[in-house]
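Before any comments, here is the structure.
The values are calculated or read from the model by the stated rules, or taken from the named source; none is laboratory data. Since the model is a prediction, treat every value here as computed from it, not as a measurement. Methodologically, a virtual Cβ is constructed for each residue, glycine included, from the backbone with ideal geometry; neighbour enumeration extends over all protein chains shown. Ligands, DNA and RNA are stripped out before the accessible areas are found, and what is left, the full protein with its side chains, is counted by its heavy atoms. Shrake-Rupley method; radii C 1.70, N 1.55, O 1.52, S 1.80 Å.
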Amino acid sequence: MTANAHVLSDSATMLRRNLRHMQRYPSLTLFMIGIPVVLLLLFVFVFGGTLGAGLGGVSGGRDRYLAYLVPGILLLTVATAAQGTAISVAMDMTEGIVARFRTMAISRASVLTGHVVGSVIQTALALVVVMGVALLIGFRPTTGPLAWVAAAGLLALTSLALTWLSVALGMSTRSVETASNLPMFLMLLLFLGSGFVPTQTMPDGLRWFAENQPFTPIIETLRGLLLGTPIGDSGVIAVAWCGAISLVGFLWARRLYEREPAHR
Amino acid sequence: MSATAAPPAIHAAGLRKSYGTQVVLDGIDLDVPEGTVYALLGPNGAGKTTTVHILSTLIAADGGRVEVAGHDVDRDPDGVRAAIGVTGQFSAVDRFLTGEENLVLMADLRHLGRAEGRRRAAELLARFDLVEAARNPVSTWSGGMQRRLDLAMTLVGDPRIIFLDEPTAGLDPRSRRTMWQVVRDLVNDGVTIFLTTQYLEEADRLAGRIAVLDHGRLVAEGTPAELKRLVPGGHVRLEFADNGEMEKAARLFPGASRDDESLALLVPSDGGVGALRSLLDQLEHASIDVDGLSVRTPDLDDVFLSLTGHADTEKGAA
(Lines give C-alpha, C1' and ligand atoms only; values in the text may rest on other atoms or scores of the structure.)
Protein backbone atom coordinates (compact mmCIF):
# COMPACT_ATOMS: atom_id res chain seq x y z
CA MET A 1 0.00 0.00 0.00
CA THR A 2 1.01 3.59 -0.63
CA ALA A 3 0.79 4.46 3.05
CA ASN A 4 3.08 1.68 4.20
CA ALA A 5 5.81 2.72 1.79
CA HIS A 6 6.36 5.77 4.00
CA VAL A 7 6.50 4.13 7.43
CA LEU A 8 10.01 5.44 8.11
CA SER A 9 9.60 8.99 6.82
CA ASP A 10 6.17 9.33 8.46
CA SER A 11 7.54 8.05 11.76
CA ALA A 12 10.43 10.52 11.51
CA THR A 13 7.95 13.33 10.86
CA MET A 14 5.92 12.33 13.92
CA LEU A 15 9.10 12.04 16.00
CA ARG A 16 10.06 15.60 14.99
CA ARG A 17 6.61 16.73 16.09
CA ASN A 18 6.94 15.04 19.50
CA LEU A 19 10.48 16.30 20.10
CA ARG A 20 9.28 19.81 19.26
CA HIS A 21 6.48 19.45 21.82
CA MET A 22 9.03 18.43 24.49
CA GLN A 23 11.38 21.24 23.58
CA ARG A 24 8.63 23.84 23.63
CA TYR A 25 6.99 22.63 26.83
CA PRO A 26 9.88 21.34 28.95
CA SER A 27 7.99 21.26 32.26
CA LEU A 28 7.00 17.60 31.88
CA THR A 29 10.59 16.64 31.03
CA LEU A 30 11.92 18.59 34.02
CA PHE A 31 9.37 16.89 36.26
CA MET A 32 10.46 13.50 34.92
CA ILE A 33 14.08 14.28 35.79
CA GLY A 34 13.30 16.02 39.07
CA ILE A 35 11.36 13.19 40.75
CA PRO A 36 14.14 10.54 40.59
CA VAL A 37 16.82 13.07 41.55
CA VAL A 38 14.84 14.17 44.62
CA LEU A 39 14.17 10.53 45.61
CA LEU A 40 17.85 9.68 45.13
CA LEU A 41 18.94 12.50 47.43
CA LEU A 42 16.17 11.72 49.91
CA PHE A 43 16.99 8.04 50.17
CA VAL A 44 20.75 8.54 50.32
CA PHE A 45 20.96 11.47 52.73
CA VAL A 46 17.85 10.93 54.88
CA PHE A 47 17.37 7.15 55.00
CA GLY A 48 20.80 6.14 53.68
CA GLY A 49 22.68 6.04 56.98
CA THR A 50 20.25 3.64 58.63
CA LEU A 51 19.47 1.57 55.54
CA GLY A 52 23.17 1.25 54.71
CA ALA A 53 23.87 -0.07 58.21
CA GLY A 54 21.19 -2.69 57.63
CA LEU A 55 22.99 -3.95 54.52
CA GLY A 56 25.69 -5.39 56.80
CA GLY A 57 29.40 -5.54 56.10
CA VAL A 58 32.14 -3.37 57.52
CA SER A 59 32.39 -0.28 55.30
CA GLY A 60 28.62 0.21 55.84
CA GLY A 61 26.71 3.44 55.91
CA ARG A 62 25.66 5.96 53.38
CA ASP A 63 28.14 5.17 50.56
CA ARG A 64 27.23 1.53 50.67
CA TYR A 65 23.53 2.32 50.42
CA LEU A 66 24.18 4.75 47.53
CA ALA A 67 25.82 1.94 45.57
CA TYR A 68 22.92 -0.38 46.38
CA LEU A 69 20.29 2.23 45.49
CA VAL A 70 21.50 3.53 42.10
CA PRO A 71 20.19 0.66 39.90
CA GLY A 72 16.75 1.02 41.50
CA ILE A 73 16.78 4.81 41.01
CA LEU A 74 17.73 4.37 37.36
CA LEU A 75 14.72 2.13 36.91
CA LEU A 76 12.59 4.64 38.81
CA THR A 77 13.69 7.21 36.24
CA VAL A 78 12.48 4.95 33.45
CA ALA A 79 9.14 4.43 35.25
CA THR A 80 8.65 8.17 35.87
CA ALA A 81 9.34 8.84 32.21
CA ALA A 82 6.77 6.19 31.30
CA GLN A 83 4.23 8.06 33.40
CA GLY A 84 5.04 11.22 31.43
CA THR A 85 4.53 9.28 28.21
CA ALA A 86 1.09 8.10 29.27
CA ILE A 87 0.13 11.69 30.09
CA SER A 88 1.36 13.15 26.82
CA VAL A 89 -0.22 10.37 24.75
CA ALA A 90 -3.56 10.82 26.51
CA MET A 91 -3.34 14.57 25.92
CA ASP A 92 -2.45 14.07 22.29
CA MET A 93 -5.36 11.70 21.64
CA THR A 94 -7.81 14.40 22.75
CA GLU A 95 -6.38 16.80 20.14
CA GLY A 96 -8.23 17.27 16.89
CA ILE A 97 -5.04 16.82 14.94
CA VAL A 98 -4.98 13.09 15.67
CA ALA A 99 -8.42 12.78 14.05
CA ARG A 100 -6.94 14.57 11.04
CA PHE A 101 -4.04 12.09 10.93
CA ARG A 102 -6.60 9.29 10.73
CA THR A 103 -8.12 10.76 7.57
CA MET A 104 -4.73 11.11 5.87
CA ALA A 105 -2.90 8.50 3.83
CA ILE A 106 -0.06 8.11 6.30
CA SER A 107 1.34 5.04 7.99
CA ARG A 108 -0.97 4.29 10.92
CA ALA A 109 1.89 3.06 13.09
CA SER A 110 3.81 6.31 12.66
CA VAL A 111 1.79 8.31 15.21
CA LEU A 112 2.59 5.73 17.89
CA THR A 113 6.17 5.14 16.78
CA GLY A 114 6.80 8.87 16.97
CA HIS A 115 5.62 8.90 20.58
CA VAL A 116 7.63 5.82 21.55
CA VAL A 117 10.93 6.89 20.00
CA GLY A 118 10.49 10.43 21.35
CA SER A 119 9.86 9.10 24.85
CA VAL A 120 12.83 6.74 24.75
CA ILE A 121 15.07 9.67 23.77
CA GLN A 122 13.56 11.72 26.60
CA THR A 123 14.16 8.85 29.05
CA ALA A 124 17.79 8.53 27.93
CA LEU A 125 18.23 12.23 28.63
CA ALA A 126 16.74 11.83 32.11
CA LEU A 127 18.95 8.79 32.81
CA VAL A 128 22.09 10.75 31.89
CA VAL A 129 21.15 13.54 34.32
CA VAL A 130 20.25 11.14 37.15
CA MET A 131 23.46 9.15 36.63
CA GLY A 132 25.39 12.43 36.64
CA VAL A 133 23.92 13.38 40.03
CA ALA A 134 24.68 9.89 41.37
CA LEU A 135 28.31 10.19 40.27
CA LEU A 136 28.46 13.67 41.77
CA ILE A 137 27.41 12.45 45.23
CA GLY A 138 29.93 9.61 45.19
CA PHE A 139 28.58 6.67 43.18
CA ARG A 140 31.48 4.74 41.68
CA PRO A 141 30.78 1.88 39.25
CA THR A 142 33.32 -0.89 39.71
CA THR A 143 33.07 -2.51 36.29
CA GLY A 144 34.48 -1.74 32.83
CA PRO A 145 33.10 0.20 29.84
CA LEU A 146 31.73 -2.94 28.19
CA ALA A 147 29.50 -3.61 31.19
CA TRP A 148 28.34 0.03 31.19
CA VAL A 149 27.33 -0.28 27.55
CA ALA A 150 25.41 -3.44 28.42
CA ALA A 151 23.73 -1.59 31.30
CA ALA A 152 22.75 1.26 28.96
CA GLY A 153 21.38 -1.33 26.51
CA LEU A 154 19.27 -2.96 29.20
CA LEU A 155 17.95 0.43 30.33
CA ALA A 156 17.04 1.25 26.72
CA LEU A 157 15.24 -2.07 26.39
CA THR A 158 13.35 -1.49 29.65
CA SER A 159 12.46 2.01 28.55
CA LEU A 160 11.13 0.67 25.24
CA ALA A 161 8.99 -1.90 27.06
CA LEU A 162 7.54 0.52 29.61
CA THR A 163 7.00 3.18 26.94
CA TRP A 164 4.94 0.89 24.70
CA LEU A 165 2.96 -0.14 27.76
CA SER A 166 2.32 3.48 28.76
CA VAL A 167 1.41 4.48 25.21
CA ALA A 168 -1.29 1.81 25.38
CA LEU A 169 -2.31 2.90 28.89
CA GLY A 170 -2.45 6.52 27.78
CA MET A 171 -4.68 5.59 24.86
CA SER A 172 -6.96 3.33 26.85
CA THR A 173 -8.24 6.26 28.90
CA ARG A 174 -10.46 9.08 27.82
CA SER A 175 -9.08 11.59 30.29
CA VAL A 176 -5.63 12.92 31.03
CA GLU A 177 -6.24 12.65 34.79
CA THR A 178 -6.78 8.90 34.60
CA ALA A 179 -3.76 8.53 32.37
CA SER A 180 -1.54 10.27 34.89
CA ASN A 181 -2.62 7.86 37.62
CA LEU A 182 -2.43 4.62 35.66
CA PRO A 183 1.34 4.09 35.70
CA MET A 184 1.41 4.64 39.47
CA PHE A 185 1.40 0.88 39.85
CA LEU A 186 4.82 0.88 38.17
CA MET A 187 6.11 3.00 41.05
CA LEU A 188 4.55 0.73 43.63
CA LEU A 189 5.98 -2.32 41.86
CA LEU A 190 9.44 -0.76 42.06
CA PHE A 191 9.22 -0.50 45.84
CA LEU A 192 8.02 -4.12 46.06
CA GLY A 193 11.31 -5.34 44.58
CA SER A 194 15.03 -5.35 45.23
CA GLY A 195 15.53 -1.70 44.26
CA PHE A 196 15.51 -0.09 47.69
CA VAL A 197 16.14 -2.96 50.15
CA PRO A 198 17.26 -6.57 49.66
CA THR A 199 14.32 -8.95 49.24
CA GLN A 200 15.75 -11.24 51.95
CA THR A 201 14.51 -8.79 54.57
CA MET A 202 10.87 -9.13 53.50
CA PRO A 203 8.25 -11.57 54.91
CA ASP A 204 7.88 -14.81 52.92
CA GLY A 205 4.86 -14.07 50.71
CA LEU A 206 6.01 -10.59 49.83
CA ARG A 207 9.53 -11.87 49.27
CA TRP A 208 8.28 -14.45 46.77
CA PHE A 209 6.41 -11.73 44.90
CA ALA A 210 9.37 -9.33 45.02
CA GLU A 211 11.74 -11.91 43.59
CA ASN A 212 9.44 -12.94 40.75
CA GLN A 213 8.18 -9.60 39.50
CA PRO A 214 9.80 -8.13 36.36
CA PHE A 215 11.67 -5.24 37.99
CA THR A 216 13.79 -7.38 40.30
CA PRO A 217 15.72 -9.32 37.61
CA ILE A 218 16.24 -6.05 35.72
CA ILE A 219 17.60 -4.36 38.86
CA GLU A 220 19.77 -7.36 39.75
CA THR A 221 21.22 -7.40 36.23
CA LEU A 222 21.92 -3.66 36.35
CA ARG A 223 23.55 -4.08 39.75
CA GLY A 224 25.74 -6.81 38.35
CA LEU A 225 26.69 -4.77 35.29
CA LEU A 226 27.55 -1.66 37.34
CA LEU A 227 28.95 -3.15 40.56
CA GLY A 228 30.05 -6.64 39.64
CA THR A 229 27.57 -8.53 41.86
CA PRO A 230 26.55 -11.98 40.56
CA ILE A 231 23.92 -11.81 37.80
CA GLY A 232 23.02 -15.49 37.41
CA ASP A 233 20.00 -16.04 35.18
CA SER A 234 18.60 -12.59 36.00
CA GLY A 235 19.96 -11.23 32.71
CA VAL A 236 18.00 -13.66 30.56
CA ILE A 237 14.84 -13.23 32.61
CA ALA A 238 15.18 -9.42 32.44
CA VAL A 239 15.49 -9.40 28.66
CA ALA A 240 12.58 -11.84 28.35
CA TRP A 241 10.36 -9.61 30.52
CA CYS A 242 11.28 -6.56 28.43
CA GLY A 243 10.48 -8.39 25.22
CA ALA A 244 7.14 -9.65 26.54
CA ILE A 245 6.06 -6.25 27.91
CA SER A 246 7.08 -4.51 24.68
CA LEU A 247 5.07 -6.95 22.60
CA VAL A 248 1.94 -6.72 24.76
CA GLY A 249 2.18 -2.91 24.89
CA PHE A 250 2.74 -2.66 21.14
CA LEU A 251 -0.15 -4.96 20.19
CA TRP A 252 -2.48 -3.33 22.70
CA ALA A 253 -1.58 0.21 21.60
CA ARG A 254 -2.03 -0.67 17.94
CA ARG A 255 -5.44 -2.16 18.57
CA LEU A 256 -6.51 0.89 20.53
CA TYR A 257 -5.36 3.19 17.73
CA GLU A 258 -7.31 1.23 15.13
CA ARG A 259 -10.39 1.47 17.32
CA GLU A 260 -12.97 3.98 16.22
CA PRO A 261 -12.88 7.34 17.96
CA ALA A 262 -15.55 7.83 20.58
CA HIS A 263 -18.96 9.03 19.47
CA ARG A 264 -19.49 12.63 20.48
CA MET B 1 -22.37 20.06 -18.48
CA SER B 2 -21.65 16.42 -19.05
CA ALA B 3 -23.15 15.15 -15.83
CA THR B 4 -23.70 11.71 -17.30
CA ALA B 5 -20.09 11.09 -18.34
CA ALA B 6 -18.11 11.87 -15.19
CA PRO B 7 -18.29 9.31 -12.35
CA PRO B 8 -19.52 10.85 -9.10
CA ALA B 9 -16.85 12.09 -6.70
CA ILE B 10 -18.85 10.62 -3.85
CA HIS B 11 -21.33 7.80 -4.11
CA ALA B 12 -23.12 6.34 -1.13
CA ALA B 13 -25.95 3.85 -1.11
CA GLY B 14 -27.97 2.61 1.85
CA LEU B 15 -25.65 4.09 4.46
CA ARG B 16 -26.50 2.98 7.98
CA LYS B 17 -24.97 3.66 11.37
CA SER B 18 -26.19 3.06 14.90
CA TYR B 19 -24.66 3.60 18.31
CA GLY B 20 -26.28 1.02 20.53
CA THR B 21 -30.02 1.40 20.09
CA GLN B 22 -29.68 4.94 18.77
CA VAL B 23 -30.02 4.94 14.98
CA VAL B 24 -27.91 7.81 13.63
CA LEU B 25 -28.10 7.12 9.90
CA ASP B 26 -31.03 5.17 8.55
CA GLY B 27 -30.29 4.42 4.90
CA ILE B 28 -28.70 7.39 3.17
CA ASP B 29 -28.14 7.62 -0.61
CA LEU B 30 -25.85 10.33 -1.95
CA ASP B 31 -24.36 11.14 -5.34
CA VAL B 32 -22.03 14.10 -5.56
CA PRO B 33 -20.85 15.04 -9.06
CA GLU B 34 -17.22 15.99 -9.49
CA GLY B 35 -16.37 19.68 -9.25
CA THR B 36 -19.56 20.72 -7.45
CA VAL B 37 -20.52 21.90 -3.99
CA TYR B 38 -22.91 19.58 -2.20
CA ALA B 39 -24.47 20.73 1.04
CA LEU B 40 -25.84 18.46 3.72
CA LEU B 41 -28.33 20.56 5.65
CA GLY B 42 -29.76 19.64 9.00
CA PRO B 43 -30.10 20.51 12.67
CA ASN B 44 -27.78 19.31 15.43
CA GLY B 45 -28.01 15.59 15.92
CA ALA B 46 -29.38 14.92 12.43
CA GLY B 47 -26.34 12.78 11.55
CA LYS B 48 -24.33 15.28 9.48
CA THR B 49 -21.04 14.78 11.28
CA THR B 50 -21.47 11.00 11.34
CA THR B 51 -21.97 11.09 7.56
CA VAL B 52 -18.77 13.10 7.10
CA HIS B 53 -16.89 10.74 9.42
CA ILE B 54 -17.96 7.71 7.39
CA LEU B 55 -17.23 9.31 4.01
CA SER B 56 -13.80 10.43 5.24
CA THR B 57 -12.87 6.93 6.58
CA LEU B 58 -12.80 8.06 10.21
CA ILE B 59 -15.46 5.57 11.24
CA ALA B 60 -17.01 2.54 9.56
CA ALA B 61 -20.66 2.30 8.53
CA ASP B 62 -22.81 -0.57 9.78
CA GLY B 63 -24.26 -1.08 6.33
CA GLY B 64 -24.29 0.32 2.82
CA ARG B 65 -21.69 1.05 0.17
CA VAL B 66 -19.51 4.12 -0.12
CA GLU B 67 -17.14 5.09 -2.87
CA VAL B 68 -15.08 8.26 -2.68
CA ALA B 69 -12.92 9.28 -5.66
CA GLY B 70 -13.60 5.84 -7.09
CA HIS B 71 -12.24 3.99 -4.03
CA ASP B 72 -14.31 1.85 -1.70
CA VAL B 73 -13.96 3.25 1.85
CA ASP B 74 -13.83 -0.22 3.41
CA ARG B 75 -11.54 -2.01 0.96
CA ASP B 76 -9.22 0.85 0.04
CA PRO B 77 -9.32 3.49 2.77
CA ASP B 78 -5.82 4.75 1.90
CA GLY B 79 -6.93 5.33 -1.69
CA VAL B 80 -9.73 7.51 -0.33
CA ARG B 81 -7.45 9.27 2.16
CA ALA B 82 -4.97 10.20 -0.56
CA ALA B 83 -7.72 12.02 -2.48
CA ILE B 84 -9.52 13.85 0.30
CA GLY B 85 -9.04 16.68 2.77
CA VAL B 86 -11.14 17.08 5.90
CA THR B 87 -11.83 20.12 8.04
CA GLY B 88 -13.91 18.99 10.97
CA GLN B 89 -16.01 20.80 13.47
CA PHE B 90 -13.28 20.71 16.09
CA SER B 91 -10.03 22.42 15.30
CA ALA B 92 -7.67 19.81 13.85
CA VAL B 93 -4.53 21.84 14.43
CA ASP B 94 -1.53 21.12 16.64
CA ARG B 95 -1.83 23.82 19.29
CA PHE B 96 1.72 23.30 20.53
CA LEU B 97 3.28 24.05 17.15
CA THR B 98 3.40 27.34 15.29
CA GLY B 99 1.15 27.95 12.29
CA GLU B 100 4.06 27.50 9.92
CA GLU B 101 5.14 24.26 11.61
CA ASN B 102 1.59 22.93 11.34
CA LEU B 103 1.58 23.50 7.59
CA VAL B 104 5.07 22.03 7.13
CA LEU B 105 3.94 19.01 9.17
CA MET B 106 1.09 18.47 6.70
CA ALA B 107 3.48 18.92 3.77
CA ASP B 108 5.85 16.33 5.27
CA LEU B 109 3.01 13.86 5.75
CA ARG B 110 1.98 14.44 2.14
CA HIS B 111 5.62 13.79 1.18
CA LEU B 112 5.95 17.04 -0.76
CA GLY B 113 9.67 17.41 -0.08
CA ARG B 114 11.36 20.09 2.01
CA ALA B 115 11.54 22.98 -0.46
CA GLU B 116 8.10 22.41 -1.95
CA GLY B 117 6.61 22.00 1.52
CA ARG B 118 8.00 25.34 2.69
CA ARG B 119 6.86 27.06 -0.50
CA ARG B 120 3.35 25.66 -0.11
CA ALA B 121 3.24 26.64 3.59
CA ALA B 122 4.28 30.23 2.80
CA GLU B 123 1.72 30.46 0.01
CA LEU B 124 -1.13 29.23 2.21
CA LEU B 125 -0.13 31.50 5.12
CA ALA B 126 -0.35 34.44 2.73
CA ARG B 127 -3.62 33.28 1.20
CA PHE B 128 -5.32 32.93 4.58
CA ASP B 129 -3.87 36.13 6.00
CA LEU B 130 -1.84 34.35 8.67
CA VAL B 131 1.67 35.58 7.85
CA GLU B 132 2.01 37.87 10.87
CA ALA B 133 1.26 35.18 13.44
CA ALA B 134 2.93 32.36 11.51
CA ARG B 135 5.80 31.95 13.98
CA ASN B 136 3.66 31.98 17.14
CA PRO B 137 2.27 28.82 18.76
CA VAL B 138 -1.28 28.22 17.56
CA SER B 139 -2.49 28.05 21.20
CA THR B 140 -2.08 31.85 21.30
CA TRP B 141 -4.24 32.38 18.21
CA SER B 142 -7.89 33.42 18.07
CA GLY B 143 -10.55 30.86 17.21
CA GLY B 144 -11.12 32.38 13.78
CA MET B 145 -7.42 32.22 12.94
CA GLN B 146 -7.25 28.58 14.05
CA ARG B 147 -10.19 27.83 11.78
CA ARG B 148 -8.43 29.41 8.82
CA LEU B 149 -5.26 27.49 9.60
CA ASP B 150 -7.34 24.33 9.85
CA LEU B 151 -8.63 24.83 6.33
CA ALA B 152 -5.17 25.81 5.06
CA MET B 153 -3.81 22.53 6.45
CA THR B 154 -6.52 20.63 4.60
CA LEU B 155 -5.44 22.30 1.35
CA VAL B 156 -1.71 21.49 1.66
CA GLY B 157 -1.87 18.34 -0.43
CA ASP B 158 -4.23 19.78 -3.06
CA PRO B 159 -7.01 17.27 -2.32
CA ARG B 160 -9.57 16.77 -5.08
CA ILE B 161 -12.43 16.23 -2.65
CA ILE B 162 -12.82 18.33 0.48
CA PHE B 163 -15.15 17.71 3.41
CA LEU B 164 -16.10 20.75 5.45
CA ASP B 165 -18.08 19.96 8.59
CA GLU B 166 -19.92 23.15 9.58
CA PRO B 167 -17.09 25.34 8.32
CA THR B 168 -18.66 28.62 9.43
CA ALA B 169 -20.25 27.65 12.75
CA GLY B 170 -19.22 30.23 15.32
CA LEU B 171 -17.45 32.49 12.84
CA ASP B 172 -18.02 36.23 12.68
CA PRO B 173 -19.73 37.52 9.49
CA ARG B 174 -16.47 38.66 7.90
CA SER B 175 -14.71 35.33 8.43
CA ARG B 176 -17.82 33.58 7.15
CA ARG B 177 -17.66 35.54 3.91
CA THR B 178 -13.94 34.77 3.58
CA MET B 179 -14.74 31.08 4.01
CA TRP B 180 -17.45 31.25 1.33
CA GLN B 181 -15.02 32.88 -1.08
CA VAL B 182 -12.45 30.14 -0.42
CA VAL B 183 -15.07 27.52 -1.21
CA ARG B 184 -16.00 29.27 -4.48
CA ASP B 185 -12.33 29.56 -5.51
CA LEU B 186 -11.78 25.87 -4.83
CA VAL B 187 -14.75 24.84 -6.94
CA ASN B 188 -13.51 27.07 -9.75
CA ASP B 189 -10.34 24.98 -9.65
CA GLY B 190 -12.42 21.83 -10.11
CA VAL B 191 -12.39 20.65 -6.49
CA THR B 192 -15.45 18.82 -5.16
CA ILE B 193 -16.77 20.17 -1.86
CA PHE B 194 -19.01 18.29 0.54
CA LEU B 195 -20.13 20.61 3.30
CA THR B 196 -22.52 20.36 6.19
CA THR B 197 -24.35 23.33 7.58
CA GLN B 198 -27.24 24.39 9.75
CA TYR B 199 -27.83 27.49 7.68
CA LEU B 200 -30.13 27.43 4.67
CA GLU B 201 -28.60 30.70 3.52
CA GLU B 202 -25.13 29.17 3.42
CA ALA B 203 -26.28 26.12 1.48
CA ASP B 204 -28.24 28.39 -0.85
CA ARG B 205 -25.22 30.62 -1.58
CA LEU B 206 -22.67 27.87 -2.12
CA ALA B 207 -24.19 24.59 -3.11
CA GLY B 208 -25.29 23.26 -6.45
CA ARG B 209 -27.32 20.63 -4.69
CA ILE B 210 -28.65 20.38 -1.16
CA ALA B 211 -29.72 17.34 0.78
CA VAL B 212 -31.79 17.83 3.91
CA LEU B 213 -30.99 15.38 6.67
CA ASP B 214 -33.34 14.81 9.59
CA HIS B 215 -33.17 12.05 12.19
CA GLY B 216 -30.83 10.02 10.01
CA ARG B 217 -32.93 10.19 6.85
CA LEU B 218 -32.75 12.39 3.76
CA VAL B 219 -36.09 14.17 3.68
CA ALA B 220 -35.38 16.24 0.54
CA GLU B 221 -32.72 16.56 -2.10
CA GLY B 222 -32.35 18.96 -5.00
CA THR B 223 -31.08 22.33 -6.21
CA PRO B 224 -31.61 25.30 -3.89
CA ALA B 225 -34.43 26.56 -6.15
CA GLU B 226 -36.16 23.18 -6.13
CA LEU B 227 -35.88 23.04 -2.39
CA LYS B 228 -37.26 26.51 -1.84
CA ARG B 229 -40.30 25.70 -3.94
CA LEU B 230 -41.10 23.04 -1.37
CA VAL B 231 -41.01 25.64 1.34
CA PRO B 232 -43.90 28.00 1.91
CA GLY B 233 -43.61 30.80 4.41
CA GLY B 234 -41.81 33.45 2.36
CA HIS B 235 -43.84 36.62 2.15
CA VAL B 236 -43.80 40.39 1.96
CA ARG B 237 -45.45 42.17 4.85
CA LEU B 238 -47.16 45.39 3.89
CA GLU B 239 -48.27 47.82 6.58
CA PHE B 240 -50.89 50.50 6.09
CA ALA B 241 -51.83 53.74 7.76
CA ASP B 242 -55.57 53.14 7.52
CA ASN B 243 -58.15 50.51 6.79
CA GLY B 244 -59.16 51.92 3.38
CA GLU B 245 -55.74 51.54 1.88
CA MET B 246 -55.52 48.04 3.25
CA GLU B 247 -58.87 47.07 1.73
CA LYS B 248 -57.69 48.30 -1.69
CA ALA B 249 -54.48 46.29 -1.39
CA ALA B 250 -56.35 43.20 -0.25
CA ARG B 251 -58.45 43.35 -3.43
CA LEU B 252 -55.25 43.69 -5.46
CA PHE B 253 -53.64 40.59 -3.85
CA PRO B 254 -56.40 38.08 -3.26
CA GLY B 255 -53.93 35.40 -2.12
CA ALA B 256 -52.69 37.52 0.79
CA SER B 257 -53.60 36.88 4.37
CA ARG B 258 -54.54 39.84 6.50
CA ASP B 259 -53.70 40.95 9.96
CA ASP B 260 -56.52 43.41 10.72
CA GLU B 261 -55.32 44.29 14.17
CA SER B 262 -52.01 45.77 13.01
CA LEU B 263 -53.32 46.81 9.57
CA ALA B 264 -50.89 44.51 7.77
CA LEU B 265 -51.12 42.28 4.74
CA LEU B 266 -48.91 39.21 4.18
CA VAL B 267 -48.37 38.68 0.45
CA PRO B 268 -46.81 35.31 -0.47
CA SER B 269 -43.51 35.89 -2.29
CA ASP B 270 -40.04 34.43 -2.61
CA GLY B 271 -38.68 37.79 -1.51
CA GLY B 272 -36.52 38.20 -4.59
CA VAL B 273 -35.78 41.59 -6.16
CA GLY B 274 -37.86 40.82 -9.27
CA ALA B 275 -40.89 39.82 -7.24
CA LEU B 276 -40.52 42.91 -5.05
CA ARG B 277 -40.27 45.23 -8.02
CA SER B 278 -43.41 43.82 -9.60
CA LEU B 279 -45.22 44.06 -6.27
CA LEU B 280 -44.23 47.72 -5.87
CA ASP B 281 -45.21 48.40 -9.50
CA GLN B 282 -48.66 46.98 -8.86
CA LEU B 283 -49.07 49.09 -5.72
CA GLU B 284 -47.89 52.21 -7.56
CA HIS B 285 -50.22 51.53 -10.44
CA ALA B 286 -53.19 51.18 -8.14
CA SER B 287 -52.10 54.30 -6.21
CA ILE B 288 -52.08 52.55 -2.84
CA ASP B 289 -50.16 54.20 -0.02
CA VAL B 290 -47.99 51.75 1.91
CA ASP B 291 -46.75 52.75 5.33
CA GLY B 292 -44.12 50.05 5.78
CA LEU B 293 -42.73 47.01 4.02
CA SER B 294 -40.67 44.07 5.20
CA VAL B 295 -39.55 40.88 3.49
CA ARG B 296 -39.47 37.49 5.18
CA THR B 297 -37.61 34.73 3.36
CA PRO B 298 -37.93 31.05 4.25
CA ASP B 299 -35.29 29.82 6.68
CA LEU B 300 -34.27 26.47 8.01
CA ASP B 301 -37.19 26.46 10.42
CA ASP B 302 -39.58 26.74 7.50
CA VAL B 303 -37.76 23.97 5.63
CA PHE B 304 -38.05 21.65 8.55
CA LEU B 305 -41.56 22.58 9.40
CA SER B 306 -42.73 21.88 5.88
CA LEU B 307 -40.55 18.83 5.17
CA THR B 308 -40.74 17.04 8.46
CA GLY B 309 -43.71 18.50 10.22
CA HIS B 310 -41.63 19.47 13.24
CA ALA B 311 -39.70 22.60 13.99
CA ASP B 312 -35.95 22.55 14.27
CA THR B 313 -36.06 22.94 18.02
CA GLU B 314 -32.40 22.17 18.57
CA LYS B 315 -31.06 24.92 16.35
CA GLY B 316 -28.39 26.93 18.09
CA ALA B 317 -28.24 24.55 21.02
CA ALA B 318 -24.55 23.80 20.48
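Structure summary
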read-out: Mean Cα-pair separation over length for region B:235-297, i.e. relative contact order, pairs under 8 Å, 6 or more apart, %; value: 51
read-out: Radius of gyration and maximum dimension Dmax of region B:1-79, Cα, Å; value: 12.9, 44
read-out: Apportionment of accessible area to carbon and sulfur, region A:3-258, percent (1.4 Å); value: 71
read-out: Accessible area, probe 1.4 Å, largest first, for residues B:Glu132, B:Glu284; value: B:Glu132, B:Glu284
read-out: Spin-label pair B:Arg114/A:Tyr25, simplified geometry with 7 Å Cα→Cβ offset, distance in nm; value: 2.8
read-out: Solvent-accessible area of B:Lys248 with every protein chain in place, 1.4 Å probe, in Å² to the nearest 10; value: 80
read-out: Hull volume in cubic angstrom per residue (convex hull over the Cα atoms of chain A); value: 140
read-out: Rounded to the nearest 10 Å², the accessible area of A:Trp252 at probe 1.4 Å; value: 90
read-out: Spatial separation of Cα centroids for region B:230-278 and region B:26-66, in angstrom; value: 40
read-out: For A:Tyr68, solvent-accessible area (1.4 Å; no DNA, RNA or ligand), Å²; value: 30
read-out: Residue-by-residue Karplus 3J(HN,Hα) for region A:137-147, coefficients 6.51, -1.76, 1.60, Hz, glycine and proline x; value: 8, x, 6, 10, x, 9, 9, x, x, 4, 5
read-out: For region B:69-216: rounded, prolate or oblate by the Cα gyration tensor [a/c cutoff 1.5]; value: oblate
read-out: Region B:133-180 and region A:150-228: distance between their alpha carbon centers, rounded to Å; value: 45
read-out: Interface A:B - total buried accessible surface [probe 1.4 Å, Å², rounded to 100]; value: 2900
read-out: Accessible area per residue in Å² at 1.4 Å probe, computed on the protein assembly as shown; value: 45
read-out: Apportionment of accessible area to carbon and sulfur, region B:23-74, percent (1.4 Å); value: 44
read-out: Choice from A:Pro230, A:Pro203, A:Pro214 with maximal GNM fluctuation in chain A (Cα, 10 Å cutoff); value: A:Pro203
read-out: Over chain B: helical MRE at 222 nm, DSSP H runs n ≥ 4 each giving -39500 (n - 2.57), nearest 500; value: -10500 deg cm²/dmol
read-out: Debye-sum result for region B:235-297 in log10 I(q)/I(0), which assumes one identical scatterer on each alpha carbon, at q = 0.12, 0.13 Å⁻¹; value: -0.23, -0.28
read-out: Largest to smallest principal axis extent of the C-alpha atoms in the protein assembly as shown, angstrom; value: 121, 53, 49
read-out: Chain-alone versus full-assembly comparison, region A:70-101, residues with accessible loss of at least 50 Å² (1.4 Å probe); value: A:Glu95, A:Ile97, A:Arg100
read-out: Estimated translational D of chain B in µm²/s (Stokes, Kirkwood radius over Cα pairs; 10 °C; 1.306 mPa s); value: 72
read-out: Sequence of A:Trp208, B:Trp141 when ordered by accessible area, the most exposed leading, probe 1.4 angstrom; value: A:Trp208, B:Trp141
